[in-house]
Structures are given as structure tokens and as C-alpha cells.
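A.B. asks: The following block contains the structure, expressed as C-alpha cells.
The values are calculated or read from the model by the stated rules, or taken from the named source; none is laboratory data. Predicted model only: the values in this text are computed from it and were never measured. Cβ sites come from the backbone with ideal geometry, for glycine too, and all protein chains shown count toward neighbours. SASA here: full protein model, heavy atoms, side chains in, ligands and nucleic acids out. Shrake-Rupley method; radii C 1.70, N 1.55, O 1.52, S 1.80 Å.
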Amino acid sequence: MRIPEQTIIDILKKRDGFDEKKIAELVEQAKTEKTELYELIVKQNILSDSELTQAYADEIGVPYVEINVKELSKEILKQLPEHIAKLYNMVVFAGSIDEKDEPRSVAMEDPDDLQALDVVHKLFGQKVKIFIATHFNILAALDQYRGNIGSEISKIVTDGDEEAEVEEDVDEEDIAEDSPIAQTVNLIIEYAVKSGASDIHIEPRDKQVLIRYRVDGVLKEANRLPKRTLGALVSRIKILSNLKIDERRAPQDGRFKITMNGRVFAFRVSTLPITEGEKVVMRVLDESSEPLSLETLGFWGKALQDIQDASHQPHGMILVTGPTGSGKSTTLHSVLHLLNKPDVNISTIEDPVEYKLEGVNQTQVNPVAGMTFVAGLRALLRQDPNIIMVGEIRDGETAGLGVQAALTGHLVFSTLHTNNAATCLPRLLDMDIEPFLIASVVRVVIGQRLVRRLFQEDCEQYTPNETERKEIERVFNIKSKADWDAIIGLLQEAQEHFGLPKSSKLTLWRPKSDLPNDRTGYKGRMGIYEVLKNTEDVQKLIVSNATSEEIQGLSVKEGMVTMQLDGLIKALLGMTSIEEILRVTRE
């Protein structure tokens, strides 16, 4: 999108913190870097693309819209022929296909494009509502012209000979850039990105190759391919990832990047020989996404305050715990993003580097070259850092170096694989870290899990009956009216934090029972957390080699909200369901 420079200057003048001097500096910087002022403002995170587009919409008097592409009706979309929509970067996103008199809602990237407006009016007459949307939102909507992955792939890879179930030898033509297999891999990747998948699984079975996506933490089957395509499919992915094509007996790890709709996606590739052939798993990482704020991630109340207090300490250690795929890296990078200032040197050692942070020195672990967590951490300490992030503490040597760094004036962030926050402290004891050192350096420990977020249009509110209420009391260890009163107090605190009307009603939400098969009632994920603050009393327990249960019990008395309780509060707020909380926290 191209917004006139003067319009952007007018927008900035109306915003707090932008005086004439600062605006002039931005204009001069854009000229020096030979870039548009619009691009500079988005690149430097002064305003996001959507904020700038919305402000521009207000300036020119055209309503702004953010199209929900997952809910976009293909029948409504296809009222505008695909080639015209792509030529002028515009889409029809609302308006009945039956009622000719009902106005169509058309989203455009440039509502001043007279030629595009002329085409729209010729097709639909004067009954058209024009909206403005961001460039990326329009591109995502244009993607919806495509069919589902099964129908798209079947156009490319036919089943061919029904008897040809055995995997065929691979030759160069099979994996060339324009081959059917290359197009199939492109489609598998494209639909993974469109569906918001975090992982792609390509799994050989006796007679077929199964394609599955992990969406919102749950694996779903996307398609099945003939077994004969397996060799070429895996070889094509290996070529993209710079792996050895002829090595099929040992696991391999690689990585590649693609650009789709102006966004950069990295794919972390892992191959593994199994009995039916080679299995491939690709982790999907959106490198264009900005780190979210702690509030957006779902922190609130005392937990949020404890993290903010600890992250502004000059030294110490902040640990994040949870199983693989529980969002630990996301939380750490959000905190680092908050601390990332020009006067601070932040250095990280990660395996792999999942999120790129502007202005942060990020190092990738490479054991083949001798760059392990230990070697990397030793090197970082000679780089004059203020803040260090170690991707994961896996052994006593890494833990020991991290503790020494925290003792010598650095703020250290890292992750551990433990079930909850309290078990993290005895885990450090197992790594031969002295109790008095743990008590001295650890500031807070964050325990977390990810749960699926309810999609409000696909869910219903209900009041649990007596049987359900007793089961909730049993599972969440609620023993008295005082316990319920404490939960209602926390609920009202959370309602105030998230900007919801205060209520003491105990109502829950669940997906509707009559949803189509392709809809679950959930969309996206959110975190449930517990934040254990290392207070003086907790330090005494650590030094006396107390158990994790004793540390947990004391922290709860001091006001820590456990993961399960945080989940219950969020279920009462209508953010997720009780079933989801139990799925990830039930022991």
C-alpha cells in the first residue's frame, strides 16, 4: 500500500509522542535510507501495518476492515473473478449471492484506484460498499480462491496404476523444480501456512503416505498420497533443506525458508527412518511475526507483576518450564522484546533460533562445529552482555555457567523441561548446583502450558449442574465456600484486567454440539501459567533441601495462582473450556 507522505505526517501529528522534530527526523531518515516513510514506520515498529492503514482509513473517510479469512465464504468471494481480484488486489467478503439488490462489501488495498472502482461498479452496479484492508490481509483473502488440499494435489498427483503401491526409485526428473512432486511439496507447505499449522507430518504407511498437520496443538489428517511418491517427496524436501539425498538410514536435520504473501516462514526439517520408510516432520516458524506483549499472551495479576519486577532486576535468573511445544520460547522472546533497548546488550544462544529479534545478537547452536550451549555461553560472557538468553539448560555444566553469569552481574533467561514451576528448583539440585546458589540467583520460575482458545461464534455458555460442579470441585481441589470465594475474587480481578464486565456468576463455555466436521469450536491458542516468585521464605526451603511439594505449597500460600487455577479462571472468562484445561494439566 502506498500512503502519501503528507498524509502519514498528518497521522503522526495526531498521535502522542510525535512532535515536529521527531517527525522531521523520520522523514530525513526515510530519505537517507531511500525508502518510503510508510515502510520505515512499519519496519521500526512505530506503528503496525494495520494501525497505519486504520489511521489512513479515518483520514480519507473509508471504513477499515480486517477480513477473517478462515470464515470467508468461497461463494461470496467468487462473485469477483479470481483474475480480476488479483489484478486489482481486492476481494468481495460480504453480501448475499442470491439477493441482487443487497450491496456487496468489497475490500481494497487502494480505494483511490479509479480503474478498480470502475470494474466493481460494472459488475455489481452502484450497490457496493467499499472498505480498505491491509496488503497482507488482502493477499490472505486471495489465497481462499484455491480449493482444499486434497482436490489440489489430486490435480497434480494422480493415483495412476492402482497396483503401483511399491515405492519407486527416484530420478532427477521426479524432483525437478517444475515436477509434479515439487508442486505437491509446495502445496503441502502452502496449505500448512494457510491453516495455521505449527508442524507438518509426512508419514509412510504400508500402502500410503499420510499427510498430517498440527493445528492448535492437535494433529489432523490433511491428505493421503500413493506410497510410490514417498521417495521423490522426501528427496525434494531434502533438496530444499540442503540434506543428503542418498542417506536414508540415519536421521537428519535441516532448515529452509520461503516467502508467502510478503511474510517469511522458516521450516525446521527432521527426517527419521522408520519401518515403512523415511518419516519427515517440518516445524513451521513465522519469522515475520512480532513478539506479543505479556498481557496478550495471557499473563495477569500477581503473575504479570512478578515477571515485570524480576525482568527489571540488574542481575539474576528467570526460568521458564514446561514440556516441548508449550510456548516457552514465545514467552522468553516476548520478555526480551520488552527489554530490548539501545543501551542494553542482549545476546542469546539458541537451538534453533526460532524468532528473529531486531537488535539482539542471536547465535545458533552447531555441535558439529563445536558450538554447543556450553561453548556458546562461555563465548557470550566475553562479549560484554547485559542480558543473556540460553535456549535450554540440558546439563549441569550449562546450568553452572548460567548461575555463575547471574552471580556476576548478568540477567540470565533460560528454559527447563519440568512439569511445573516448583519442580524446576530440585531439578537444578540434580544438576549439582548448590542450594544456596539457587536461592541466591533465581528470581522467578514460570510454568506454562498451551490450551486451545474458544471461538466465540462456535461456542455456547452453560451453567454447570450439581454433578458437574462436584466434579470441578474434585478435580481443582476446591473444598469449601472460602475456596470458591477466593476463586470469585480472582475471577473479578481477571475480568477487570481483561476489560470484561464484573460478574460473580460461575458460568462456563463449550463448543456447540452441532458444528460441521471441519470446525472444532476452537481457533488459536493461549497460555495458562503459574509464576513462582523466589521469596525469602522460599529461599529458606531451597537451602534446607525441601521437596517440590513443600515449595509449591508455600508459594500458593503466598499468593501464587497455579496453572490449573489460572486455567479455571480463563474457562470462567469464556476464553477456553474446562475440557481443554484438564487435557493439558490432568496428572
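A.B. asks: Within the range 522-533, can one find any residue that is at pLDDT below 90, buried (at least 17 other Cβ atoms within 10 Å of the Cβ) and in contact with a Pro (Cβ under 6 Å, 6 or more places away or on another chain)?
C.D. replies: no
Okay, residues lined up against (1) modelled with pLDDT of 80 or more; (2) among the small types (Gly, Ala, Ser); (3) open to solvent by 40 Å² or more (accessible area, probe 1.4 Å); (4) not in a helix (DSSP H, G or I):
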| position | (1), (2), (3), (4) |
| --- | --- |
| 51 | yes, no, yes, no |
| 55 | yes, yes, no, no |
| 62 | yes, no, no, yes |
| 98 | no, no, yes, yes |
| 110 | yes, no, yes, yes |
| 116 | yes, yes, no, no |
| 121 | yes, no, yes, no |
| 129 | yes, no, yes, yes |
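A.B. asks: Would the range 456-474 turn up any residue that is free of Cβ contacts under 8 Å to residues at least 24 places away in the same chain, within 19 Å of residue 565 (Cβ to Cβ) and either open to solvent by less than 60 Å² (accessible area, probe 1.4 Å) or of a type in the set (S, T, N, Q) (or both)?
C.D. replies: Checking the range 456-474: at least one residue is free of Cβ contacts under 8 Å to residues at least 24 places away in the same chain, within 19 Å of residue 565 (Cβ to Cβ) and either open to solvent by less than 60 Å² (accessible area, probe 1.4 Å) or of a type in the set (S, T, N, Q) (or both).
A.B. asks: Could you list, in sequence order, the residues of the range 331-344 that are free of Cβ contacts under 8 Å to residues at least 60 places away in the same chain, open to solvent by less than 60 Å² (accessible area, probe 1.4 Å) and not aliphatic (A, V, I, L, M)?
C.D. replies: 333, 334, 340
A.B. asks: From 64, 56, which residue is out of contact with any Cys (no Cβ under 6 Å at 6 or more places or on another chain), among the hydroxyl-bearing types (Ser, Thr, Tyr), touching a residue at least 12 places away in the same chain (Cβ under 8 Å) and within 19 Å of residue 94 (Cα to Cα)?
C.D. replies: Working: 56 fails: within 19 Å of residue 94 (Cα to Cα).
Testing whether each residue is out of contact with any Cys (no Cβ under 6 Å at 6 or more places or on another chain), among the hydroxyl-bearing types (Ser, Thr, Tyr), touching a residue at least 12 places away in the same chain (Cβ under 8 Å) and within 19 Å of residue 94 (Cα to Cα) leaves just 64.
A.B. asks: Among the residues of the range 534-571, how many are over 23 Å from residue 440 (Cα atoms), of a type in the set (D, E, K, R) and touching an Asp or Glu at 6+ places or on another chain (Cβ under 8 Å)?
C.D. replies: Going through the range 534-571 one residue at a time, the tally reaches 1.
A.B. asks: While we're looking at this one, here's another question. Could you check the range 363-390 and list, in sequence order, the residues that are touching a residue at least 40 places away in the same chain (Cβ under 8 Å) and either among the β-branched types (Val, Ile, Thr) or open to solvent by 20 Å² or more (accessible area, probe 1.4 Å) (or both)? Break it down stepwise before answering.
C.D. replies: Step one: of the range 363-390, the residues touching a residue at least 40 places away in the same chain (Cβ under 8 Å) are 385-390.
Across the range 363-390, the qualifying residues are 386, 387, 388, 390.
A.B. asks: Residue 568 versus (1) assigned to a helix (DSSP H, G or I); (2) open to solvent by 20 Å² or more (accessible area, probe 1.4 Å): which is the lone unmet condition?
C.D. replies: (2)
A.B. asks: In the range 10-26, is there at least one residue being of a type in the set (A, V, I, L, M, F, W, C), within 30 Å of residue 93 (Cα to Cα) and surrounded by 12 or more Cβ atoms within 10 Å (Cβ to Cβ)? Even if it seems obvious, please write down each step before you answer.
C.D. replies: The initial filter retains those residues of the range 10-26 that are of a type in the set (A, V, I, L, M, F, W, C), namely 11-12, 18, 23-24, 26.
If we keep only those that are within 30 Å of residue 93 (Cα to Cα) too, we end up with 11.
When the remaining residues are screened for being surrounded by 12 or more Cβ atoms within 10 Å (Cβ to Cβ), the result is 11.
So far as the range 10-26 goes, yes, one or more of its residues are of a type in the set (A, V, I, L, M, F, W, C), within 30 Å of residue 93 (Cα to Cα) and surrounded by 12 or more Cβ atoms within 10 Å (Cβ to Cβ).
A.B. asks: Which ones in the range 196-234 are surrounded by fewer than 17 Cβ atoms within 10 Å (Cβ to Cβ) and either among the aromatic types (Phe, Trp, Tyr) or not in a strand (DSSP E or B) (or both)?
C.D. replies: Step one: of the range 196-234, the residues surrounded by fewer than 17 Cβ atoms within 10 Å (Cβ to Cβ) are 196, 205-207, 210, 218-221, 224.
Residues satisfying the conditions are 196, 205, 206, 207.
A.B. asks: Would you confirm, using the coordinates I've provided, whether residue 324 is surrounded by 20 or more Cβ atoms within 10 Å (Cβ to Cβ), under 30 Å from residue 400 (Cα atoms) and within 23 Å of the chain's Cα centre (by Cα)?
C.D. replies: Details: surrounded by 20 or more Cβ atoms within 10 Å (Cβ to Cβ): no; under 30 Å from residue 400 (Cα atoms): yes; within 23 Å of the chain's Cα centre (by Cα): yes.
Spelling it out, it is not the case that residue 324 is surrounded by 20 or more Cβ atoms within 10 Å (Cβ to Cβ), under 30 Å from residue 400 (Cα atoms) and within 23 Å of the chain's Cα centre (by Cα).
A.B. asks: I'm checking my understanding of the structure. Among residues of the range 251-265 that are assigned to a strand (DSSP E or B) and touching a residue at least 24 places away in the same chain (Cβ under 8 Å), which one is least open to solvent (accessible area, probe 1.4 Å)? Let's see the steps before the verdict.
C.D. replies: Taking the range 251-265 and keeping what is assigned to a strand (DSSP E or B), we get 252-260, 263-265.
If we keep only those that are touching a residue at least 24 places away in the same chain (Cβ under 8 Å) as well, we get 255, 257-258, 260, 263-265.
Details: 255: 75, 257: 109, 258: 41, 260: 32, 263: 93, 264: 49, 265: 11 Å².
Here the answer is 265.
A.B. asks: Identify, please: which residue in the range 64-79 is under 24 Å from the mean Cα position of the chain (by Cα) and open to solvent by 80 Å² or more (accessible area, probe 1.4 Å) and is, among those, farthest from residue 13 (Cα to Cα)?
C.D. replies: Taking the range 64-79 as the starting set, the residues that turn out to be under 24 Å from the mean Cα position of the chain (by Cα) are 65-72.
Still in the list and also open to solvent by 80 Å² or more (accessible area, probe 1.4 Å): 66, 70.
On the way: 66: 25, 70: 36 Å.
In this case the residue turns out to be 70.
A.B. asks: Which residues, taken from the range 539-565, are open to solvent by less than 40 Å² (accessible area, probe 1.4 Å), part of a loop (DSSP other than H, G, I, E, B) and among the small types (Gly, Ala, Ser)?
C.D. replies: Matches in the range 539-565: 546, 559.
A.B. asks: Now for a separate question. Within the range 1-49, which residues are part of a helix (DSSP H, G or I) and in contact (Cβ under 8 Å) with a residue 40 or more places away in the chain? Before the answer, list the steps.
C.D. replies: As a first pass, look at the range 1-49 and keep what is part of a helix (DSSP H, G or I): 5-13, 20-32, 37-43, 49.
Matches in the range 1-49: 7, 8, 10, 11, 49.
A.B. asks: Going by what's in this entry, would residue 510 be described as in contact (Cβ under 8 Å) with a residue 60 or more places away in the chain and in contact with a Cys (Cβ under 8 Å, 6 or more places away or on another chain)? Steps first, answer last, please.
C.D. replies: Values: in contact (Cβ under 8 Å) with a residue 60 or more places away in the chain: yes; in contact with a Cys (Cβ under 8 Å, 6 or more places away or on another chain): yes.
Against the criterion (in contact (Cβ under 8 Å) with a residue 60 or more places away in the chain and in contact with a Cys (Cβ under 8 Å, 6 or more places away or on another chain)), residue 510 qualifies.
A.B. asks: Quickly run through the range 280-318 and pick out the residues that are assigned to a strand (DSSP E or B), at pLDDT 90 or above and under 19 Å from residue 215 (Cα atoms).
C.D. replies: To start, the set of residues in the range 280-318 that are assigned to a strand (DSSP E or B) comprises 280-286, 316-318.
Next cut, at pLDDT 90 or above only: 280-284, 316-318.
Matches in the range 280-318: 280, 281, 282, 283, 284.
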